[in-house]
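In what follows, a single structure is set out as structure tokens and then discussed.
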């Protein structure tokens, strides 16, 4: 292999990073596709899917990753079929596409590490074969399905018997008459006519004995006279003689020109979409207009009616945009982009000598028409047609009487009942709403971002943290403090410096924040896989996935989430049958929600399954010795028991969950992040897990305490109260264990100086301060020499050589510049063992 | 932050007794107890004078020679007392006490010494192997004995020193 230069490596890494991101977005889309049945939605989704594959193919081609290129190309081919005809989509195809994604990300992983893609050829070939199988399958059904013969010229010409030619000619003429108003259909008829005319000639020449023309000469495009300069009406064309031209040269030119022009238009509108109304759009629109105009002219010249009409309409829309009659908003831009796509497909179809997908043209045209005319009325008509209440003819009739509202007219005409119209109006307003919604999501500001290495970012954040400390050290320097009263102006500027500092720190901190959506999206796949294997119908709803948390946190919540979600699917939700008999819809629902609450992020996982059974859990807990038999804990306590290690009430161990590991991992991992887990459940209604996680790991609110000469910090969240112990409330057992009575409870006392073998400055218990710590359901008192105060501290990692020191969660630099040690309350709590647990452990050993 | 960089080998040439172009063969020297010691200059990041901001914070459960951690301009690094490390009699830290900050394979550590004397160049030819009396632990820390006109320096095998320390730590934690 050739050595790769550093620059090239960077290019490759950028490519990989970008592609990974794209692929990540593709997966949930694919899974989502398996659930939708609305043709429109499928079509839109297909477009969404197509672009990532396309750009991946481009990038791979550029960087010479031929295997990736081949795979994406095949996937693209398959998607192209559905893009041009969404009705062909079946969910079974999503599997092979997901496989493609998987393989691609595997390859990208290797590329990222080793800068080559060798070793995947076999897998890729296998996958490409599968993709091609799908294509073949589709192609076969296409042939069967198509009513009008749309197969290519080469196959047909020269082989149609005279009798069929005659009968088809008759059918064609009939259709021509029937559809003569329908300009969309003309392309296809022209093609058919071309074939038939040729066949007729062939039969004729065979009869008279001369040579037929070769098919290449016969691309069945009619002469320009067929459409002349008129752009809309083609009714009079049908009567004219269709002349077959040797049009291949002209056609080739047309194809390249048009593709170029379409690209220009696309670029323009993508720019417009990004920049919105914040710039002078005139030049852009002018340019786009010119391009549409030439497409119109050329396609008119070649008499490709549908394309001509569509570009003509687009021209009109652009005119409207220039005159500011039609808003240049995201949905309208999308319409134009769709037109571009449709035209491009048309051109591609022409170059492959295939017929145009007229339905698509019709749709695009209809969409544009709604833009140019009054959108409300047209839409209402469309809805009524969709509802099957009226035909398009009725609507046209009604539109001619446009004086009173369309609905009224329809009712008057007796074509629709008042209730139909009522319903349609309701639908219309819904559509408007959803339309606005989709528009607003599309408008959502596209933030410009740059990639920065995490190391650099951490350096910056560290430095800012340092700066904050230095600032405190300067502004609170004793020398300065003495003069402060004299130097009022200094006090003022130092206050300002302090505020700026805070702001700087906040921004620096926010730079590490990323949306939780990346983890949430992974869960889509998890739900998909798990539910499929278990034969359950599950819908996963994501809420608030834009909420941001620290990057390291995002990575670490993935595992706990995975366990909870799998559990919810496996144990929480019932099978469709069970659900139906319980009077619920057969499909279960899981809501995954993230929201900011104060300094925390709450991640809520809610299912509408069968909920947890208090009795079963209690029995199990007693059996495992987690609680005593006569205990009657509150519900919340009961639910929390399932988070204990080794606790699983599942009757069956499945592939996914039920081994009794998992939920304790959830608790452990979340507590490691200084978060907490809350469980709620209602029998028959479902369960809710709430993960409460601090926004960032790098700053905590801590209580600064002193023991001996050392400073220690405890996270305030773990401390319930601080108090000076009164001597009469202290009880000492004969083996030297001390207990403190706080109200009704006796809590064990842990002396920090004893834990760490420090030289304490206090003589008796009552001289020190006691922190009541509640961690992991264990409460105890921590004795320290003195409590200094509450403050925010920046958490730094413990030096490598000291990571083994017990009960340390990190270090921090105090205002004085001294180093403080941050204590891990959870690990301290583990030193306390209750008698109950000890007994249980003994039992288990026995 | 008020630490003073007493001497950074590359920037302060006045302390250099003899100059050789390459970093190799140059040693940061300091007296400790009764002898003179040298550390290869390429391991030395800087020398920091001990003051109020670089006060040592004790870390529990560490070997006696690891005195704790200090704040080195925002970076928290462990500090090792070389006297304690070599089982020499310890003294109270004073205004001359220094931290020699060394970086070995990415791990930054401060070595507490009484004071530093300067940088000397000792060509390879003037370095004798360490005396082979017995194979006590301390001996493994000696890379060689460097000779100049009228002085002898004990040249430290600094990598071994830290590796040893880590091994000790491991042994300690596992027992």
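The values are calculated or read from the model by the stated rules, or taken from the named source; none is laboratory data. This structure is a prediction, so every number in the text was calculated from the model and none was measured. Heads up, the Cβs are rebuilt from the backbone with ideal geometry, glycines too, and the neighbour counts pull from every protein chain shown.
A few points about this structure:
- Any hit, region B:100-118, residues being more than 16 Å from residue B:46 (Cα to Cα) and modelled with pLDDT of 80 or more: no
- Residue A:733 vs. criteria surrounded by fewer than 19 Cβ atoms within 10 Å (Cβ to Cβ), farther than 30 Å from residue A:816 by Cβ, out of contact with any strand residue (DSSP E or B) (no Cβ under 6 Å at 6 or more places or on another chain) and at pLDDT 85 or above: no
- Taken over region B:69-82, the criterion of being without any contact (Cβ under 8 Å) to a residue 40 or more places away in the chain, more than 7 Å from every other protein chain (Cβ to nearest Cβ) and buried (at least 21 other Cβ atoms within 10 Å of the Cβ) is satisfied by B:79, B:81.
- Residue in region A:98-107 that is over 30 Å from residue A:8 (Cβ atoms) and touching a helix residue (DSSP H, G or I) at 6+ places or on another chain (Cβ under 7 Å) present: yes
- Residues located in region A:785-814, provided they are part of a strand (DSSP E or B) and within 14 Å of another protein chain (Cβ to nearest Cβ): A:793, A:794, A:796, A:808, A:809, A:810, A:811, A:812, A:813
- Enumeration of residues in region A:317-337 that are free of Cβ contacts under 8 Å to residues at least 60 places away in the same chain and touching a helix residue (DSSP H, G or I) at 6+ places or on another chain (Cβ under 9 Å): A:317, A:318, A:319, A:320, A:321, A:322, A:325, A:326, A:327, A:328, A:332, A:335
- Within region B:83-99, the set of residues being outside any helix (DSSP H, G or I) and within 14 Å of another protein chain (Cβ to nearest Cβ) comprises B:93, B:99.
- Residues that are within 12 Å of chain A (Cβ to nearest Cβ) and in a strand (DSSP E or B) do not occur anywhere in region B:117-126.
- Condition check for residue B:102: over 12 Å from the mean Cα position of the chain (by Cα), within 14 Å of chain A (Cβ to nearest Cβ) and either crowded, with 17+ Cβ neighbours inside 10 Å or under 19 Å from residue A:798 (Cβ atoms) (or both): no
- Residues considered: A:722, A:803. Of these, the only one that is within 30 Å of residue A:693 (Cβ to Cβ), assigned by TED's automatic domain parsing to the domain that holds residue A:821 and touching a residue at least 24 places away in the same chain (Cβ under 8 Å) is A:722.
- Per the listing A:743, A:692, A:751, the residue uniquely in contact with a strand residue (DSSP E or B) (Cβ under 7 Å, 6 or more places away or on another chain) and more than 14 Å from chain B (Cβ to nearest Cβ) is A:692.
Conditions tested, residue by residue: (1) touching a residue at least 40 places away in the same chain (Cβ under 8 Å); (2) closer than 17 Å to residue A:664 by Cα; (3) in a helix (DSSP H, G or I); (4) over 24 Å from the mean Cα position of the chain (by Cα).
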| site | (1), (2), (3), (4) |
| --- | --- |
| A:552 | yes, no, yes, no |
| A:558 | no, yes, yes, no |
| A:565 | yes, yes, yes, no |
| A:578 | no, no, yes, yes |
| A:583 | no, no, no, yes |
| A:586 | yes, no, no, yes |
| A:590 | yes, no, no, no |
| A:595 | yes, no, no, no |
| A:602 | yes, no, no, no |
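- Count - residues of region A:731-771 that are over 58 Å from the mean Cα position of the chain (by Cα) and either assigned to a strand (DSSP E or B) or not assigned by TED's automatic domain parsing to the domain that holds residue A:819 (or both): 2
- Residues (surrounded by fewer than 12 Cβ atoms within 10 Å (Cβ to Cβ) and either in contact with a strand residue (DSSP E or B) (Cβ under 9 Å, 6 or more places away or on another chain) or within 12 Å of chain B (Cβ to nearest Cβ) (or both)) located in region A:454-473: A:459
- Candidates in region B:47-60 are the residues that are touching a strand residue (DSSP E or B) at 6+ places or on another chain (Cβ under 9 Å) and part of a loop (DSSP other than H, G, I, E, B); of these, the one that is farthest from the other protein chains (Cβ to nearest Cβ) is B:50.
- Scanning region A:754-763 for residues that are surrounded by 14 or more Cβ atoms within 10 Å (Cβ to Cβ), over 12 Å from residue A:782 (Cα atoms) and within 11 Å of chain B (Cβ to nearest Cβ) yields A:756, A:758.
- Among the residues making up region A:781-817, those that are modelled with pLDDT of 85 or more and over 21 Å from residue A:509 (Cβ atoms) are A:781, A:782, A:783, A:784, A:785, A:786, A:787, A:788, A:789, A:807, A:808.
- Every test in (1) in contact with a strand residue (DSSP E or B) (Cβ under 6 Å, 6 or more places away or on another chain); (2) farther than 25 Å from residue A:720 by Cα is passed by residue A:803 save one, and that test is (1).
- When the criteria are applied in full, residue A:96 fails the requirement of being surrounded by 19 or more Cβ atoms within 10 Å (Cβ to Cβ), at pLDDT below 85 and in a helix (DSSP H, G or I).
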